[in-house]
1. For segment 228-240, what does the Karplus curve 6.51 cos²θ - 1.76 cosθ + 1.60, with θ = phi - 60°, yield as ³J(HN,Hα) per residue in whole Hz, taken in order and with x for Gly and Pro?
2. For VAL213 paired with GLN274, estimate the spin-label separation in nm (one decimal), with each label point 7 Å from Cα along the Cα-to-Cβ line.
3. Note down the net charge around VAL361, summing +1 for each Lys or Arg and -1 for each Asp or Glu among other residues with Cβ under 13 Å from its Cβ.
4. Treat each spin label as a single point 7 Å out from the Cα along the C-beta direction, and report the ALA33 to TYR124 distance in nm.
5. Mind running the shape call on segment 3-194? Use the C-alpha gyration tensor, a ≥ b ≥ c as the square roots of the eigenvalues: rounded below 1.5 for a/c, prolate if a/b tops b/c, oblate otherwise.
6. Going by amide H atoms built from the backbone, whose H comes under 5 Å of the H on PHE282, apart from near neighbours?
7. How far apart, in nm, are two points set 7 Å out from the Cα along the Cα-to-Cβ line at TYR425 and at ARG197?
8. Would you list the P(r) distribution for segment 223-365, with all Cα-Cα distances sorted into 10 Å bins from 0 and each bin expressed as a whole %?
Amino acid sequence: MATVVLSGASAAIPALQISLDLLRHELRRRGDADVRVFDLASTPLGYCQGEFDCWVKTPGLCRAHDAEQDIVQAVHDADRHVTVDAVTFGGYSYTVKRAIDRLICLISPFFEKRMSLTHHEPRYERAASWHALGWQPAPDPSIADTWAALADANALNLLAPHVGATVLDDTSRDAWPRAIGDMLGSDAVPGGTIVDRAALREAMRAAAIGADVGNGHPPRSVALLVGSAKARGTSLSENLAAAMRERFERAGATVQTSFAVDFLRDDRARQTAQAVAAADLFVLVTPLYIDAIPALPTRALTLIAEARRTHTTPARCAALINCGFPEPEHTRTALAIVRHFSTAARYTWAGGLPLGGGGAVRPDVPLDQQHGPAEHVHAALDLAVGNLMAGQSLSREAIEQMARSPMPDVLYRLAGDLGWRYQVYKNRLAQADLRARPLD
Ligand SMILES: Cc1cc2nc3c(=O)[nH]c(=O)nc-3n(C[C@H](O)[C@H](O)[C@H](O)COP(=O)(O)O)c2cc1C
């Protein structure tokens, strides 16, 4: 059985190196000799820029030429895929998420419904099973639940036949070999615990609702962070952040907008993180990448959490997460991740806004000039900014308004599929290229 390990282990996190050694030992014990480990901590790797070229320009291949080409080929060839990572707010670290975001070339852009929600069709005949081995210093069942939920959503999204997840912590080292064995041996079917869409909606609401703070202090300063990796001026997140900014400024707040790429260069990153950490209210406006926040904002949140350690004044954190599938329920795990970040960074969680069907809102026309599928977004932002400027958490009404579906999901899927077809036509490719299998 061929196994690929995407490892975030490094000398800086000895516990992860021990976990990786135990994993190798367990694989040997099972007689699995074909093991390839990618040491991501020491591998220069670009981040996904969110332009979907790997679907509509070079179908099945990322346009960036770096180690990810080997990684994607290895995951394609493998029977089993394992990530070894330091659990970061319930999700992957920046180091590992960079590699995971770029796996979307392994699936097809076409939509289909699986386990109550829209997903993508397979590109290849088979996929590796998905296993997630996480480590955190101290036990935190709620974070461990998010890690397991993320592994399950990823496995479903990437069409893995089986899924297994575990979180190790330093209070129970004796139990690590057993936990690793169970994670590897798991034959759980991805999405097997999904009852129906209503249950997913409940999980989304639970993650989205903020702390009950009553009427607090109106924020004087607001820091908006655009999490999209797309070029400046082309992302929906940037457009949404601009519409939020206008509302906050009209209500009298001072607003600074930063971009997740600002956190890449070490010199600028710490300065930007400090500026964000000093604001009364922090709002992350981001797309969803593989069921979680993308690699770039993961790095930004890690640095902001570090910067918050030196701030003693109370501040609040909220989020707006938009996703490409029509159902806002897809954002539930990412909302939980931002909520865990909020706790780690000593913010009060003011709640999250889930926006499904991001493809129906234009990134290039100011939001307030758009009608139809954008109208519920205006209304939700009016309510949300009103709540936040009154010192409150987001109201249920604001969250539900953002989560409304402006069109039937089936229509969205149809329009989306036609959209991919039009893009390959514009790129002078044949329609059949959309289903290319360059790695077979
Ligand atoms: C690498 C990658 C992974 C994605 N994964 C998901 C996903 O798991 N679920 C989903 O609904 N949308 C997913 N999307 C779609 C984006 O969330 C969607 O296109 C979003 O509207 C982009 O927002 P932006 O313009 O602000 O970047 C993904 C997009 C990319 C590029």
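Just so you know, all these numbers are worked out from the coordinates, no wet-lab data involved. Predicted model, so just to flag it, every value in this text is computed and none were measured. So basically every Cβ, Gly included, is an ideal-geometry build from the backbone, and we count neighbours across all protein chains shown.
1. Whole-Hz 3J(HN,Hα) from phi for segment 228-240: 5, 8, 5, 4, 3, x, 10, 9, 5, 4, 5, 4, 5.
2. 2.5 nm
3. Cβ neighbours under 13 Å give a net charge of -2.
4. 2.3 nm
5. Prolate is the answer for segment 3-194, as a/c is 1.5 or above and a/b outweighs b/c.
6. Under 5 Å from the amide H of PHE282 lie the amide H atoms of ALA223, ARG316, CYS317, ALA318, each far enough along the sequence or on another chain.
7. It is 2.9 nm.
8. Whole-percent P(r) values from 0 Å outward: 12, 46, 36, 6, 0.
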